[in-house]
Structures are given as structure tokens and as C-alpha cells.
Amino acid sequence: MTATRIGLVVAAWRRHYAVRFGDGETLSCVLKGRSTTLACGDRVVVRRVAGGGAIESVEPRRSLVYRSDAFREKLVAANVDQIAAVVAPDLPVDLELLHRWGIAAAIERCRYLIVLNKSDLPGFDVLRTRAAPFGALGAVLAEISATRDIEPLVPEFRGRRSVLIGQSGMGKSTVLNGLVPGAQARVGEVSTALDSGRHTTTEAALYELEGPDDGWIVDSPGMKTFGLAHADPHRIDEAFVDIAPYVGRCRFRDCRHDREPGCAVREAEAEGAIASHRIALMHTLRAEAAARGA
Ligand SMILES: Nc1nc2c(ncn2[C@@H]2O[C@H](COP(=O)(O)OP(=O)(O)OP(=O)(O)O)[C@@H](O)[C@H]2O)c(=O)[nH]1
Ligand SMILES: [Mg+2]
Ligand SMILES: [Zn+2]
């Protein structure tokens, strides 16, 4: 009987995975059985077989970042302790996505870093102003020009297990290439005539940081939506750190914070202590989760 080894999933394509081991070897592996899917960052038990490896089991996950709607789900990265969203001034930034990633970070007990990239471009002041409210919601904000000077980001990633997430063209792969010399992730030109709207990064991949404290970064393909339909409704409620302090103070214990009399959440909204769009997002996420459960 051949021995098994534990390795780290560094790339995933359908049922095939690249798994890297502590000694630096990378093996092409297949997962048996249809019940599970894996993501970059998963730790797996591998048995060597002819031509590669067979994944026998998955270690318990510390966290799992994934997107889902009523119909399908897609794993983005496993075992991360930081979600790093990247935004830039030269493309339309969808603020609701930034809010959704913040909720995912809170649910998965991850640090939430928002990288404000392309500080060399005009319009950066507007981006900074729009991003400022996320600081009050617990996010860490970092301003950077990834093409000019990556140094300010180094301490934000050192020793952490991060996933870079964002809309296409914001500069995730550029940030990655700056932080991991030799990564050589493909970087795209934003909407060149023939290639408009294409995503440059098509599959997630994991890159290990140099240094003693085993950090790594997963670069992910750009996304336009981020559903949280899989999330437990109670975890969603808790994840709204601005709303949660008021939730227990409503007149009715089962208050849905909609139009009920004596709703402390709606009172806080009227006083300007909670932004209306945050309450709306909470209701949207609950409805999305319920639609999937139904
Ligand atoms: N001016 C400027 N351009 C940048 C900066 N960072 C990245 N870019 C450019 O932005 C474009 C998109 O960068 P990518 O790193 O491919 O973006 P991405 O987020 O990985 O995109 P997808 O893989 O499609 O999700 C490239 O042309 C980069 O050179 C920056 O700090 N300043
Ligand atoms: Mg990319
Ligand atoms: Zn209420």
C-alpha cells in the first residue's frame, strides 16, 4: 500500500486539480466521486497513482469563499483568512459588490481589505470618497498604484492567506504579480477593441508568498455578481455590523425590520445611524437565501 501525503490545492479545473506538497513537488490530481468540489486553498490527502495523484479526502476548512444563486454555486477559495477586494477609478465600481464581499468576509470571519488601486489615474479622489464608508464597517483600506509601487501592500498580505476578488480589469493580477515575483499571472488590457469585456484571468490559482510564514494569495477571475444564497440567515444578520446592535431592541422579537411598529432598526435608519441601502441589502440577501431554500 502506498503512503498518502497532505498537499495544497493550487489550481482547479473541473475534477482535475494541481496539488503542491511541502517539498515543492506539484502533482496533477483527480478527485473521485461527484459529491464534493474543491477550491484553491483546500488541503487534501493524496495517494500517488500512475500518472499523478488521487485525492482521497479533504481536510476540514477554516473558511470557504463561494458564490451562489438559486441555481448554481462556485467555490472561489478555501481556508482564506483575508478577502482582498480590488477597485480602481478607471472602471465603473459596483459598490453593492463591495458590500457583498464585506458580508462574506464577516460570515467567514475573515479580515476585509479593500485595495484602492491605480492611484496614479484621475478620479482617484472620487474613488477614495466612495470607499471611505467601508472603513466604518470594519474594512481596512489601502491605497496603491500596483504598476508603480507595490511596497505599501506587502505588510497587508505577509503571513496571511488571501483571495484577491473584484470586477474584471481592476488590477488583481497586477497586484498579485507585484507581491509574488515570478508569478507571471496574465494581465489584460482593459477593453481593447477586439477583446472588450473579456476577463483576463479565467481560473483561480494559488501563489505562495516567499518567506517563513507560509502566506499565500489566490488570484480569481473578475466577477460581475456575487450571490450569498448559501449563507445561513442568522450569519447574514450578524454580518451586518452596523445593523446588528439594534436587532434585539425591536418591539417584536420576530421583527423583520420591514414596516413593523417599534422597529429599532428603522428608528436608527430615520435618525441616520444606519444607511437605508444597508437595510435594503440585508433584505435582498435574506430573500436570495430563502429563494434557494424553497
Ligand atoms: N494606470 C494603472 N494601471 C494599472 C494599475 N494596476 C493595473 N493596471 C492595469 O489595469 C489593467 C487590468 O489589470 P489586471 O491585473 O489584468 O486586472 P484583473 O483585475 O486581474 O482583471 P481580470 O483578470 O479580468 O479579473 C492592465 O492593463 C494593468 O496594467 C495601476 O496601478 N495603474
Ligand atoms: Mg486577473
Ligand atoms: Zn426591527
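The values are calculated or read from the model by the stated rules, or taken from the named source; none is laboratory data. Since the structure is predicted, the reported quantities are computational estimates derived from the model, not experimental observations. With ideal geometry, Cβ positions are generated from the backbone for all residues, glycine too; neighbour counts draw on all protein chains shown.
Take region 132-142 and flag every residue that is surrounded by 18 or more Cβ atoms within 10 Å (Cβ to Cβ) and either assigned to a helix (DSSP H, G or I) or outside the structural domain of G178 (by TED's automatic domain parsing) (or both).
Within region 132-142, F134 is the sole residue that qualifies.
When you scan region 189-197, do you find a residue that is surrounded by 13 or more Cβ atoms within 10 Å (Cβ to Cβ) and modelled with pLDDT of 90 or more, even just one?
Of the residues in region 189-197, the ones surrounded by 13 or more Cβ atoms within 10 Å (Cβ to Cβ) are 190-191.
Those still in the list that are modelled with pLDDT of 90 or more too: none.
There is no residue in region 189-197 that is surrounded by 13 or more Cβ atoms within 10 Å (Cβ to Cβ) and modelled with pLDDT of 90 or more.
Mind listing whichever residues of region 145-178 are of a type in the set (A, V, I, L, M, F, W, C) and either under 13 Å from L116 (Cα atoms) or more than 17 Å from the chain's Cα centre (by Cα) (or both)? Break it down into steps so the answer makes sense when it comes.
Initially, region 145-178 is screened for residues of a type in the set (A, V, I, L, M, F, W, C), giving 146, 150, 153-154, 157, 163-165, 170, 175-176.
Across region 145-178, the qualifying residues are A146, I150, L153, V154, L164, I165, M170, V175.
Please determine whether any residue of region 211-225 is more than 15 Å from ligand 3 (Cβ to nearest atom), in contact with a strand residue (DSSP E or B) (Cβ under 9 Å, 6 or more places away or on another chain) and more than 20 Å from A104 (Cα to Cα).
Yes, because at least one residue in region 211-225 is more than 15 Å from ligand 3 (Cβ to nearest atom), in contact with a strand residue (DSSP E or B) (Cβ under 9 Å, 6 or more places away or on another chain) and more than 20 Å from A104 (Cα to Cα).
For E267, which of the numbered conditions (1) among the charged types (D, E, K, R); (2) surrounded by fewer than 14 Cβ atoms within 10 Å (Cβ to Cβ); (3) assigned to a helix (DSSP H, G or I) fails to hold?
(2)
Tell me which of these A85 doesn't satisfy, since it passes every other one: (1) crowded, with 20+ Cβ neighbours inside 10 Å; (2) at pLDDT below 95; (3) not basic (K, R).
All conditions are met except number (2).
If I filter region 84-125 down to residues being part of a helix (DSSP H, G or I) and aliphatic (A, V, I, L, M), which single residue comes out as nearest to ligand 2 (Cβ to nearest atom)? Let's see the steps before the verdict.
The first filter runs over region 84-125 and keeps only residues part of a helix (DSSP H, G or I), leaving 95-107, 124-125.
Those left that are additionally aliphatic (A, V, I, L, M): 95, 97-98, 103-107.
Values: L95: 21, L97: 16, L98: 18, I103: 23, A104: 19, A105: 20, A106: 25, I107: 25 Å.
Only one residue fits best here, namely L97.
Which residues, taken from region 143-182, are of a type in the set (A, V, I, L, M, F, W, C) and surrounded by fewer than 17 Cβ atoms within 10 Å (Cβ to Cβ)?
Taking region 143-182 first, the residues of a type in the set (A, V, I, L, M, F, W, C) are 144, 146, 150, 153-154, 157, 163-165, 170, 175-176, 179-180.
Answer for region 143-182, where residues must be of a type in the set (A, V, I, L, M, F, W, C) and surrounded by fewer than 17 Cβ atoms within 10 Å (Cβ to Cβ): just V154.
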